[in-house]
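Everything below concerns the one structure shown next.
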Amino acid sequence: MEVVNDNNCSWVNDLNPRNNIKTLSSDLNCEWLIIGAGYTGLSAARKLGQLYPNEKILLVDAQLAGEGASSRNSGYLVDTTLNDGFTSNKELSNYRKKADIYKLGIDTVKKFIKEHQVDCDWNECGKYFASSNSEDKDILENFSETLSKLGFEHNLLQKDNLSKRLGTNFYDIALYTKGGILLHPGKLVRAMIDTLPENVILYENSLLLKWKKNNGTIDCVFKNNSIKTKKIIFATNGFLKSLGVKTNYNFPITLTASMTRPLTDKEFESIGEPKEWGVLPVRPMGATIRMTKDRRILIRNTAEVHNPYQMSKSNLEKRSVKQKIGIKKRFPQLPDNIVQSTWSGIVSRTRNSSQIFEKIDANIFAAGCYNGSGIGVGTLFGEQIAIKASNEHTNEIETIEARKKPTWLPPQPFLDLGIRARLMYERLRARSEI
Ligand SMILES: Cc1cc2nc3c(=O)[nH]c(=O)nc-3n(C[C@H](O)[C@H](O)[C@H](O)COP(=O)(O)OP(=O)(O)OC[C@H]3O[C@@H](n4cnc5c(N)ncnc54)[C@H](O)[C@@H]3O)c2cc1C
């Protein structure tokens with residue numbers, strides 16, 4: 001098996017290619033090993049590098065660092081999410097715990113970009129939960145009540161107002177939240193790579209095949225060589241399950257997204273020259289759609305059970321067609337051939353939308369499963385799991401550990417059957433929103 005990514009992602013292609021890529025080429029021993037160099041692994045490595053300036057910390061990824069989901073996402077750094085079904089008081093307190101984690105996630109990313117003067121197209125413009133189906137009004141009104149109880153600034157918007165702000169007549173109703181940031185995910189994760197402490201050694205294109213505990217060390221076999229480590233942190237998110245980590249609690253889901261080229265002045269004028277915006281769906285399987293700072297339109301409207309290691313060109317093309325239709329439905333006045341790239345990425349899900357953050361055995365730690373909201377939470381969890389693995393405690397760890405824990409999943413083949421049935425049902429419910 002190999003993690004094989006398409007090389008079509010616009011966010012990645014916006015960046016300068018990196019040089020000095022090191023691949024594992026001999027057997028090594030270390031104190032600390034982190035597997036996976038996305039937001040979680042990079043953040044864990046940065047923290048360990050600061051905590052142990054005199055120790056060698058190894059960070060290994062199966063592909064180029066940051067080029068998994070961490071640069072392939074839609075770039076919403078969220079403070080709140082919908083679709084969690086929180087209604088009763090008990091659920092309200094769980095929602096608050098979740099939102100507390102999102103807030104810490106935003107603070108962690110903010111601190112990083114301030115400290116390193118990172119330009120990642122940061123825009124505190126809030127976000128819309130929008131629908132073209134007026135029947136979704138009830139869902140949004142319930143959500144509005146939850147947000148009011150918790151003190152999140154927001155307001156409900158109707159069609160006229162929305163079409164002025166978004167440049168499309170597609171949506172009938174939306175809830176706008178003032179909180180939430182839009183950013184360039186590729187620029188953010190690249191900055192995390194560029195600013196790794198000097199004692200962190202990054203090995204790329206080095207797939208971990210298997211690992212086992214062995215008399216006080218953890219022995220890891222990679223495609224070419226092996227590493228013996230005293231402590232390990234698994235930060236492979238959608239690939240935790242395939243490495244045998246918390247297998248009964250998480251499963252991978254493949255998402256695909258497309259991005260247009262920048263709109264020309266004339267095209268931009270034809271949609272009313274809106275400011276940068278981001279729309280999230282009201283129903284889980286609806287489209288996420290974004291107008292970027294540089295006038296590109298991004299759409300993500302698929303989520304499915306698929307081989308996480310690779311999506312073929314022809315399969316990607318089929319999903320691209322769906323995304324072109326999604327753009328056309330919202331912007332019929334724009335030409336047909338403006339999509340510049342389509343890519344896929346892997347996220348990790350749990351049954352109850354809670355995250356994994358734990359010591360899974362002596363000297364073995366894992367963080368992941370952000371259920372599609374990993375920019376902030378991944379950055380936070382990476383930093384904090386490194387602190388936890390160092391036997392230290394923080395208020396952040398207390399907040400993270402107060403959340404609901406992921407619940408147990410049924411074994412195969414029931415799991416796949418159940419997920420597929422659920423996704424099909426959600427797809428049907430959201431069919432007007434794709
Ligand atoms: C299309 C899409 C849209 C999304 N939109 C948003 C959004 O708007 N906002 C948001 O917050 N989140 C979003 N997400 C989710 C977000 O991208 C993830 O939650 C986040 O990237 C998780 O970071 P991570 O570091 O834990 O995992 P990843 O970024 O997946 O990094 C894990 C790394 O582990 C490596 N790895 C896997 N297996 C092995 C192995 N065996 N050996 C060595 N290395 C291995 C991989 O190569 C990968 O680089 C989206 C994701 C996708 C795909």
* Asked: What is the Cα convex hull volume of the range 169-299 when expressed per residue in Å³?
  -> 190 Å³
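What number does the range 1-92 give for Rg over Rh if you use C-alpha atoms and the Kirkwood radius? Could you put the intermediate results ahead of the total?
On the way: Rg = 17.9 Å, Rh = 16.4 Å.
When Rh is taken as the Kirkwood radius, the ratio is 1.09.
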* To do: Express in nm, to one decimal, how much length is gained between Asn20 and Ser390 on full extension, taking 0.36 nm for each residue of separation and deducting their alpha carbon distance.
  => 130.2 nm
* Tell me, what ³J(HN,Hα) does each residue in the range 222-230 have, in order and in whole Hz, if you take phi through Karplus 6.51 cos²θ - 1.76 cosθ + 1.60 with θ = phi - 60° and put x for Gly and Pro? -> 9, 3, 9, 10, 9, 10, 9, 10, 7
* To do: Can you tell me how much longer the chain between Glu273 and Arg420 gets when fully stretched, taken as 0.36 nm per residue apart minus their C-alpha distance, in nm with one decimal?
  => 49.0 nm
* Structure fact -> Within the set Thr302, Thr292, Thr399, GNM on the chain using Cα springs under 10 Å gives the largest fluctuation to Thr399
* In a shell of Cβ-Cβ distance under 9 Å around Ala62, excluding Ala62 itself, what net charge do Lys and Arg (+1) and Asp and Glu (-1) give? -> -2
* In degrees, nearest 10, range 0 to 90: what is the angle between the Cα axis of helix 374-389 and the longest Cα principal axis of the chain? -> 20 degrees
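Please give the net charge around Ile218, taking every other residue with its beta carbon less than 10 angstrom from that of Ile218, where Lys and Arg add +1 and Asp and Glu add -1.
So the environment of Ile218 carries a net charge of +3.
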* What are the ³J(HN,Hα) values, in whole Hz, obtained from phi via the Karplus relation 6.51 cos²θ - 1.76 cosθ + 1.60 with θ = phi - 60°, for each residue of the range 51-63 in sequence order, with x given for Gly and Pro? -> 6, 10, x, 9, 9, 8, 10, 9, 10, 10, 10, 6, 10
* Any idea how far apart Lys322 and Asp361 come out in nm if each label point goes 7 Å out from Cα toward Cβ? -> 3.7 nm
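Two-decimal Rg/Rh of the range 87-201 from alpha-carbon positions, Kirkwood Rh? Each step should come with its number before you reach the end.
On the way: Rg = 17.9 Å, Rh = 16.6 Å.
Computed over Cα atoms, the ratio is 1.08.
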* Hey, what angle do you get for helix 414-429 against the long axis of the chain, alpha-carbon based, 0 to 90 degrees rounded to 10? -> 20 degrees
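So which GluC sites (Glu not before Pro) in the range 102-192 end up in coil per DSSP with only 16 or fewer other C-beta atoms within 10 Å?
Sites meeting the loop and neighbour criteria: Glu124, Glu153.
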* **Column: log10 I(q)/I(0), Debye, Cα scatterers of the range 103-165, q = 0.15, 0.26 Å⁻¹** => -0.68, -1.13
* Asked: Over the chain, what relative contact order in percent results from Cα pairs under 8 Å that are six or more residues apart?
  -> 25 percent
* Asked: Setting aside same-chain residues fewer than 8 positions from Lys324, which aspartates and glutamates have a Cα under 17 Å from its Cα?
  -> Glu267, Asp336, Glu433
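If we count other beta carbons within 10 Å of each Cβ, what is the order of His306, His184, His116, fewest first?
Sorted ascending by nearby Cβ count, the order is His116, His306, His184.
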* Once you have the alpha carbon radius of gyration of the chain, what is it after dividing by 2.2 N^0.38 Å, with N set to its residue count? -> 0.96
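Taking R0 as 51 Å, what FRET efficiency do you get between Asn54 and Lys405 from their Cβ-Cβ distance, rounded to the nearest 0.05? Kindly include the intermediate steps, with their values, before the conclusion.
On the way: r = 35 Å, r/R0 = 0.70.
Once the sixth-power term is evaluated, E becomes 0.90.
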* Net charge, Leu207 excluded, C-beta distance under 12 Å - Lys, Arg +1, Asp, Glu -1 -> -1
* Taking Lys149 as the anchor, which lysines have their alpha carbon closer than 18 Å to its alpha carbon, excluding any fewer than eight residues away along the same chain? -> Lys90, Lys97, Lys98, Lys103, Lys178
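When the gyration tensor of the range 260-337 is built from Cα positions, what are the square roots of 5 times its three eigenvalues, in whole Å, from largest to smallest? Working shown, then result.
Values: eigenvalues 126, 43, 24 Å².
Working from the Cα gyration tensor, I get semi-axes of 25, 15, 11 Å.
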* To do: Among the trypsin sites (Lys or Arg not before Pro) in the range 400-434, which ones are in a DSSP loop with at most 16 other Cβ atoms within 10 Å of the Cβ? Mind listing them?
  => Arg403, Lys404
* Asked: If you build a Gaussian network model of the chain, linking Cα atoms that sit under 10 Å apart, which residue out of Gln323, Gln310, Gln117 swings the most?
  -> Gln117
* Asked: Based on the Cα atoms of the range 296-426, what semi-axes does the equivalent ellipsoid have, where each is the square root of 5 times one gyration tensor eigenvalue, given in whole Å with the largest first?
  -> 36, 19, 13
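Determine the gain in length on full extension of the stretch Lys137-Asn7; use 0.36 nm per residue of separation and subtract their C-alpha separation, reporting nm with one decimal. Don't jump to the answer; show the numbers that get you there.
Working: separation 130, 0.36 × 130 = 46.80 nm, distance 3.96 nm.
Computed gain between Lys137 and Asn7 is 42.8 nm.
The numbers here are math on the coordinates, done by the rules we state, and not lab data. Computed from a prediction, not measured in an experiment: that's the story for all the values here. Cβ sites come from the backbone with ideal geometry, for glycine too, and all protein chains shown count toward neighbours.
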